[in-house]
Amino acid sequence: MLSELELRVLSFIKDKGVTSSTEISASLGLPKSSVFSVVYHLASEGYVRIVSTKKERKLVLTEEGETRLKAGFPEEKLLKILSRGPVKVQEAKDVLGKDFEIAMSWAKKRGLINIQRGEITSLVQTYKAPERELLEKAKRGERLGVDEVSLLKGRNLVEEKEETEIEVEFLREPELRSALLFLTPELIRSGEWRKYEFKKFNVRALPPYVPIGKKHYFREFIERAKEVMISLGFSEVKSDYVEMEFYNFDMLFQPQDHPAREIHDSFRVEGKGEIKDEELLKKVKEVHEKWWNYKWDQEVALRLVMRSQTTATTARVLSTSPKPPARVFTIGKVFRPDAIDATHLIEFHQLDGLIVEEDFNLRKLLGVLKEIFAGLGIKEIKFKPAYFPFTEPSVEVYGWIDRLGWVEMAGAGLLRPEVTEPAGVYSPAGAWGLGLDRLAMLFLGVKDIRDLYSDDIEFLRSRKVEAQW
Amino acid sequence: MVTITLRKSRLLEKLKLTEGELEEVLFNLKSEIEPIDQENIAIEINADRLDMLSLGGIVRAAKGIMGVELGEPKYKVVDTDYVLEVRSVESRRYALGAVVYNVNLDQEKLRELIQFQEKLHDTIGRRRKKVAIGIHDLKKIDTKRIIYTTVPLNYKFVPLNQKETMTVSEVIEKTDQGKKYGNISVYNNLSPAILQEDGQVLSIPPVINSEKTKIEEGTKDVFIDVTGTNLQAVMETLDILVTNLAEEGGVIGRVKVFDITYMNFSPALIRRVVEAKVDYISKRIGIELVGKDVVRYLSMMRMDSYLEGDTLKVIVPPYRIDIMRDVDLAEDVAMAIGYNKLEPLQIGTMNFGKFLKETSLYRAFRELSIGAGLQEIYSLVLTNSNYLEGNFVRLLNPISAEYDAVRNSLVWTTLKFLSRNQRARFPVKVFEIGEVVVPSNSDTGFRNDLREVMAVMDSKVSFEQLQSLLHQVIVNATGIEPTYEENDDRLFIPGRGAAVMLKGEKVGILGEVNPEVLVKFDVFYPVVISEIYLGKIANLI
């Protein structure tokens, strides 16, 4: 593959048909040395043929020659001064300085001036030194006559040097660039590729950006949490976001005037649900009225909300009277009005589990919780007694996080008979709920909960894929 | 959770504990402490343990679990010659009263008592709707007969912390307390009132007390009135108040209540007997217990009990209103043992768990979409209703316009996402699989629907560019070649929108987004988008 420079030189040679190294150097503004190396390379690759190589003595301008060509000859300067009229000798001497002697000598020799009573007078209208033209020719490499050469040499304007001059002839076109950039099936099949050299790439250069497909880091965390539950023998269940207060609260033994049921703690939705199971309604009404000592209102229970806890899903499962042994879990979004900031959002995920077994008890519940948290990567946990309207005994789980200490992570308990029995479940049942978003933040090193739902694709692209957690 | 503030030194002194030990003891009583400053600590109390909302109650419970004092404390109760006459108050039927001698308020005790009153208002009182408390300096009450009745709204008195006489209406309209609670119990232009026999106001429940009987530093004895709409809650509130004051050295004085059928004296100091089988408690916790163990553990929870055969009879003290039945006793026994002393039991795995169909679908389509080179995104379910079209769920009580509706399609949330990413490195190629909410014939009238959206935004996009990816995703997930039909959805540029068909059913849409729509979302680059209905696809294969 030819370089840019080689292509330029080859193209010049092609235009001329036959040319010389001097001509190439002068026309393309290249140092002679470069021209030789390029031409020899082109010749070795067969693009050109070297017709002749001559060592030639050549005239080269001396420094003096270059200067005079640029700045003018002394006698030219003198005659320019005289063009406005005669000048005193001393005056001309002052203006010309050290050039004065040379100027006077050549001007007199060429009969250009007359000196009378200390005054110099010009004898010609204008004057251009013949040496100027000769020097320009010499510079272009044109030949000069013997007298001419000796004139210039005499004035120390040129010197003779030995130089190599090559004459070169164009032979063939350069190959197309693309053929050498890309290997093609045709080149491979025909074997043509052997004739080419592959362009060398700058393999150290960084590549351009190309987006790749990637899993969302928070959803990946959620999927792994599902796997933990599956591995413990729990089957996944779900229910819908729009829920009746009945499943969100009433079945969970939360009295209708419970502070958590106030309007600012759940999002209300227009409409009214329908429950066909009259028996269930009746029994839930009974336990509420018996224990909470108020008049239970079915209309309130049928109101719609955006579910505020996935325990609503657990309640839905219970309402189908699951036969022990039963183990289910759900992971889903819940919705709660709240001021949005770095640690609060109005929707987040909960993982809720339910286990119904003949001889289930508090210690087994603690065992399940321990296994779940171990699966999620929390090795050390402790239990705190707690209060939830629907469980008794109730427990809160605290997990140890190295840089934070003990962090509250889940609520759990054995479901109250007031929750299970109206649904026809008479075996002990354990239930728990844990917020996944906070846990994910701890594991994924996220400081702002909103980053879990980031709408900045560059943030998502920048997230490293977690190899383990 | 309810938070109260207490003087740390008072608590540590009474319990003879270090701060670390106190933290441990309270943790096992469902509570947590948080230092506020050098002198004060905040204590979080669980909503069931209203008896722990004051220093006395915390000390009582702590001493029990520490084993320092066991069983129900016997507080001194004396009869007084105070009489509470309860007349007909339709809007707030119930009232009870009590005297507590020897309360001896200093600056700190006064602050604690007012805090206790407020916390009870906020919890069992349901912000004073259900129960309200008035506490008076007994010395400043001039008559032995105290009357609960109604007064007209032009009735005058000097409200607490005011200098001038005001009418009840003025209090309701002008004072902060009045604005907050004034309308709870006014009915037929009458307000409930607690009066001296001579008609002077002691309090206007549930709004405010009178300045006349204000409690202050140096107050020795108090009179407490509790009014409300639910008798049980009124009784319980008064019982908790007086027993907690008694724990700190107060002497409870009984007040005669008359002209009503429900009580003769108050406070009622009700002790309920709750029965439980020892075996049931053992099984519930998962530990072998004999009767006398349980009796002892309950005494640590400050409850007396005795055995009748294998039945445990527990005399629940007046302040433990959270104990309803046997399961509640099981928790108290577990607490007395200590949750962290109970060894967790391994449950073993009997069956394999199963993923939901939705999860399997999600995983299959997700893998393929990533294979197609799309970045997975995850947006919120709640969104701005201005962006939605068609039938959708609107929140009745949104907290901001940005989140006032539930998405009914992933197209809108995705266009919103794209509009925020116009300065990102192009091309922006994304997908999301998630649930939207649509009307249905379910028991709520709505259901979740699982969908997938895919979109490409670039300086130049084409229908075919996304179609080719979508096609492969569907073929690979279902084994069926989808077909495409014209779709003149306004979302798309005319002639560049399609319905995605599988076995003759429409399972999604695909097309280049109409600039009219792009501009609405402030998107200024071309977008090709597709939404497919995974639930429907799953039903077809």
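The values are calculated or read from the model by the stated rules, or taken from the named source; none is laboratory data. Everything quoted here is computed from the prediction, not taken from an experiment. Glycine gets a Cβ as well: all are built from the backbone with ideal geometry, and neighbour counts include every protein chain shown. Areas reflect the complete protein model, heavy atoms only, side chains present, ligands, DNA and RNA absent. Shrake-Rupley method; radii C 1.70, N 1.55, O 1.52, S 1.80 Å.
Averaged across orientations, what area in nm² does the convex hull of the alpha carbons in chain B project?
35.6
How large is the direction-averaged shadow of the alpha-carbon convex hull of the stretch B:2-66, in nm²?
3.6
Over the stretch B:77-266, what portion of Cα pair distances is larger than 29 Å, expressed as a whole percent?
For the stretch B:77-266, the share of Cα pairs beyond 29 Å comes to 12 percent.
Inside 10 Å of the C-beta atoms of B:450-457, what's the mean count of C-beta atoms belonging to other chains?
0
Counting heavy atoms of the protein chains only and a 1.4 Å probe, report the per residue accessible area for chain A as a whole number of Å².
Averaged over the residues of chain A, the accessible area is 49 Å².
If you take every DSSP beta bridge whose two residues both sit in the protein assembly as shown, what share of them, in percent to the nearest 5, is antiparallel?
Values: 160 of 175 bridges.
Percentage antiparallel, nearest 5: 90.
How much accessible area is lost when chains A and B come together, counting both sides, with a 1.4 Å probe, in Å² rounded to the nearest 100?
Interface area, both chains combined: 8400 Å², rounded to the nearest 100.
Expressed as an acute angle from 0 to 90° and rounded to the nearest 10, what is the orientation of the C-alpha long axis of helix B:291-300 relative to the principal long axis of chain B?
Tilt of helix B:291-300: around 80 degrees.
If the cut-off is 23 Å between C-alpha atoms, which lysines fall inside it for residue B:277, apart from same-chain ones fewer than 8 positions away?
A:290, A:364, B:292, B:313, B:341
Between the alpha-carbon centers of the stretch B:356-408 and the stretch B:120-198, tell me the distance in whole angstrom.
Rounded to whole Å, the Cα centres lie 51 Å apart.
Any idea what the relative contact order of the stretch A:73-128 is, in percent, if you count C-alpha pairs under 8 Å spaced at least 6 apart?
45
Lys and Arg at +1, Asp and Glu at -1: add these up for the other residues within a Cβ distance under 10 Å of residue B:447 and post the number. Don't skip to the answer; put the middle values down first.
Numbers: positive: none; negative: A:240, B:435, B:443, B:449.
That works out to -4.
How far, in degrees from 0 to 90, does helix B:55-66 lean away from the longest principal axis of the Cα atoms of chain B, to the nearest 10?
Value to nearest ten degrees: 80.
Report, as an integer, the average count of C-beta atoms from other chains found within 10 Å of each Cβ along A:459-465. Working shown, then result.
On the way: counts 1, 7, 4, 0, 0, 0, 0.
Average per residue, whole number: 2.
Hey, got the dipole for the stretch B:99-193? About the Cα centre, +1 on K and R Cβ, -1 on D and E Cβ, debye to the nearest 20?
300
When the Kirkwood hydrodynamic radius is evaluated over all pairs of different C-alpha atoms of the stretch A:242-281, what value in angstrom, to one decimal, is obtained?
On the way: mean 1/r = 0.0894 Å⁻¹.
Here the Kirkwood hydrodynamic radius works out to 11.2 Å.
Considering only B:187, B:303, B:369, whose Cα is most displaced toward the positive end of the charge dipole of the protein assembly as shown, charges sitting on Cβ of Lys, Arg (+1) and Asp, Glu (-1)?
B:369
Taking only the alpha carbons of the stretch B:357-540, what extent do you get along each of the three principal axes, in Å, biggest first?
Extents along the principal axes: 44, 40, 29 Å.
Any of A:77/A:153; B:109/B:214; B:140/B:256; B:119/B:179; A:16/A:128; B:139/B:180 with alpha carbons more than 24 Å apart? Name them for me.
Numbers: A:77/A:153 21 Å; B:109/B:214 15 Å; B:140/B:256 19 Å; B:119/B:179 19 Å; A:16/A:128 35 Å; B:139/B:180 29 Å.
Exceeds cut-off: A:16/A:128; B:139/B:180.
Quote the relative contact order of chain A in percent (integer), defining contacts as alpha-carbon pairs under 8 Å separated by 6+ residues.
Rounded, it is 13 percent for chain A.
Can you list, bin by bin at 5 Å, the percent of alpha carbon pairs in the stretch B:101-211, starting at 0?
Answer for the stretch B:101-211: a P(r) of 2, 12, 21, 24, 21, 15, 5, 1, 0 percent.
Mind checking Rg over Rh on the stretch A:73-136, alpha carbons, Kirkwood formula for Rh?
A ratio of 0.95.
Hey, can you rank A:183-191, B:465-473, A:384-392, A:40-48 by average C-beta count inside 10 Å, highest first?
Packing proxy ranking, top to bottom: A:384-392, B:465-473, A:40-48, A:183-191.
How big is the Kirkwood radius of the stretch A:1-80, worked out from every pair of different alpha carbons and given in Å to one decimal?
15.0
Taking all pairs of different Cα atoms in the stretch B:272-339, averaging 1/r and flipping that mean, what Kirkwood radius in angstroms comes out?
11.5
Rounded to whole Å, give me the distance from the Cα center of the stretch B:227-280 to that of the stretch A:364-384.
40
Whole number please: convex hull volume per residue of the Cα set in the protein assembly as shown, in Å³? Don't skip to the end; give the middle numbers.
Working: hull volume 340.8 nm³, N = 1010.
So the per-residue hull volume is 337 Å³.
Which of the GluC sites (Glu not before Pro) found in the stretch B:85-167 are loop residues per DSSP with 10 or fewer other Cβ atoms within 10 Å of their Cβ?
Within the stretch B:85-167, the qualifying GluC sites (Glu not before Pro) (loop, at most 10 other Cβ atoms within 10 Å) are B:164.
Can you return the lysines within cross-link range of residue A:214? Criterion is Cα-Cα under 19 Å, with same-chain partners fewer than 8 residues away left out.
Correct list for residue A:214: A:464, B:429.
Let me know the charge dipole size of the stretch B:77-266 about its Cα centre in debye, to the nearest 20, where only the beta-carbon of Lys, Arg (+1) and Asp, Glu (-1) is charged. All intermediate terms of the calculation are to be shown ahead of the outcome.
Working: 25 positive and 27 negative charges, 122 e Å.
Around 580 debye, computed over the stretch B:77-266.
Separation between the residue A:374 and residue A:64 pseudo-spin-labels, each 7 Å from Cα along Cα→Cβ, expressed in nm?
10.3
Please average, across the residues of B:371-383, the number of beta carbons from any other chain that are within 10 Å of each residue's own beta carbon, and give a whole number.
6
For chain A, what log10 I(q)/I(0) values come out of the Debye formula at q = 0.08 1/Å, with one point per alpha carbon and no solvent?
Each listed q corresponds, in turn, to -0.68.
Membrane-span-like helices in chain A: DSSP H runs reaching 15 Å or more (Cα, own axis), mean Kyte hydropathy at least 1.0?
Helices meeting the criterion: A:362-376.
With a ≥ b ≥ c taken as the square roots of the eigenvalues of the C-alpha gyration tensor of the stretch B:137-190, please select rounded if a/c is under 1.5 and otherwise prolate if a/b is larger than b/c or oblate if it is not? Write down the numbers at each step before the final one.
Numbers: a/c = 2.01, a/b = 1.34, b/c = 1.51.
Oblate.
What is the percent carbon and sulfur in the accessible area of the protein assembly as shown, measuring with a 1.4 Å probe over the protein chains and ignoring ligands?
Using a 1.4 Å probe with all protein chains present, the protein assembly as shown comes out at 50 percent carbon and sulfur.
Checking the cross-link filter: which aspartates and glutamates have an alpha carbon closer than 12 Å to that of residue B:536, excluding same-chain neighbours under 8 positions apart?
B:358, B:449, B:452, B:505
Which Cα, out of A:164, B:346, B:440, lies furthest along the positive dipole direction of the protein assembly as shown (beta carbon charges, K/R +1, D/E -1)?
Result: A:164, furthest along the dipole toward the positive end.
Give me the angle, in degrees from 0 to 90, between the Cα long axis of helix B:410-419 and the longest principal axis of the Cα atoms of chain B, rounded to the nearest 10.
Value to nearest ten degrees: 80.
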